[in-house]
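Everything below concerns the one structure shown next.
The values are calculated or read from the model by the stated rules, or taken from the named source; none is laboratory data. Here the structure is a predicted model, which means the values were calculated and not measured. When we count neighbours, we look across all protein chains shown, and the Cβ atoms used for this are built from the backbone with ideal geometry, even at glycine. Heavy atoms of the whole protein, side chains included, go into the accessibility calculation; ligands, DNA and RNA do not. Shrake-Rupley method; radii C 1.70, N 1.55, O 1.52, S 1.80 Å.
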Amino acid sequence: MSTPDEVLVTRDGPVLTLTFNRPEARNALSWAMYDRLYRACEEVDADDSARVLVLRGAGGKAFVAGTDISQFKAFERAEDGIAYERDGDRRMARLEAVRKPVIAQVQGFAVGAGFRIATACDIRIATPDARFGAPIARTLGNCLSMAAYARLVDVFGPSRVKELIFTARLLTAEEAHAAGYVHEILPPEQIEARVTALAHQIAEHAPITLRVTKEAIRRLAESRVLPEAEDLIATTYTSADFHEGVRAFLEKRRARWTGR
């Protein structure tokens, strides 16, 4: 279970807001925080009076800066990496399948798992300092699941996804806006009011229209059969490079990659 303060869930009429609340760790997610997000999706869908879900990060410096890396120290077998990516796919599929519109209020970093969570939302509103990406080639030396790669390719195209992964750079808010990924950019002092107004505007619209439209688009994205990727995940998570990446990250030093 996450501690009560790690994830905050509040309600303002038809709008439910979930706040990732580990600002001292840039809101990096523990397993328990992932589970709380999943349960919030269930709660929103079970409550007809809840019309919109908003996701945000506490502290103003990060939306979510990925998974808490310390948890990767326990990974030893291929099955550990495969289970992690499978669980991630299950959680993101649940977020994508929420029957109500989901808005990501992004201030600061949305990287790694935070990038994937933001991508699973329907609308993204950001501050100018927002940054998006998966710098795994520089940080951990791990990989994404096939479903995660597919979603990013859907949004950005294969060429941009490869460039982002290969260079390990982060998209600026302006770049993300130009790509149609971020819908609006607002200064920090205005973003909360704008997201609140937008959420309440959407909450006033026909819920069946919103639900059916969202589900139709989700089904289009799900209509293809993804190729198998367990061999790729196993290769990555059992590599010496991955374990070196985790150690280097936690020791706050540059990883020494060997390609093994």
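Could you identify the single residue in Pro14, Pro101 that is out of contact with any His (no Cβ under 6 Å at 6 or more places or on another chain), modelled with pLDDT of 95 or more, within 24 Å of Ala148 (Cβ to Cβ) and open to solvent by less than 60 Å² (accessible area, probe 1.4 Å)?
Pro101
Can you tell me which residue is nearest to the chain's Cα centre (by Cα) among those in the range 138-165 that are part of a loop (DSSP other than H, G, I, E, B) and under 25 Å from Arg253 (Cα atoms)?
Leu144
Between Arg160, Arg91, Arg116, which is in contact (Cβ under 8 Å) with a residue 40 or more places away in the chain and open to solvent by 20 Å² or more (accessible area, probe 1.4 Å)?
The conditions single out Arg91.
Please give the number of the condition Arg194 fails out of (1) within 18 Å of Pro101 (Cα to Cα); (2) out of contact with any Leu (no Cβ under 7 Å at 6 or more places or on another chain); (3) touching a residue at least 60 places away in the same chain (Cβ under 8 Å).
Going through (1) within 18 Å of Pro101 (Cα to Cα); (2) out of contact with any Leu (no Cβ under 7 Å at 6 or more places or on another chain); (3) touching a residue at least 60 places away in the same chain (Cβ under 8 Å) one by one, Arg194 breaks only (2).
Hey, Arg253 hits all of (1) assigned to a helix (DSSP H, G or I); (2) modelled with pLDDT of 95 or more; (3) not aromatic (Phe, Trp, Tyr) but one; which does it fall short on?
The single condition Arg253 does not satisfy is (1).
Within the range 13-52, restricting attention to residues that are touching a residue at least 24 places away in the same chain (Cβ under 8 Å) and of a type in the set (Lys, Arg), which residue is nearest to Gln201 (Cα to Cα)?
Ranking the qualifying residues of the range 13-52, first place goes to Arg51.
Looking at the range 37-84 only, could you name the residues that are open to solvent by 20 Å² or more (accessible area, probe 1.4 Å), more than 30 Å from Thr238 (Cβ to Cβ) and touching a Phe, Trp or Tyr at 6+ places or on another chain (Cβ under 9 Å)?
Arg56, Lys61
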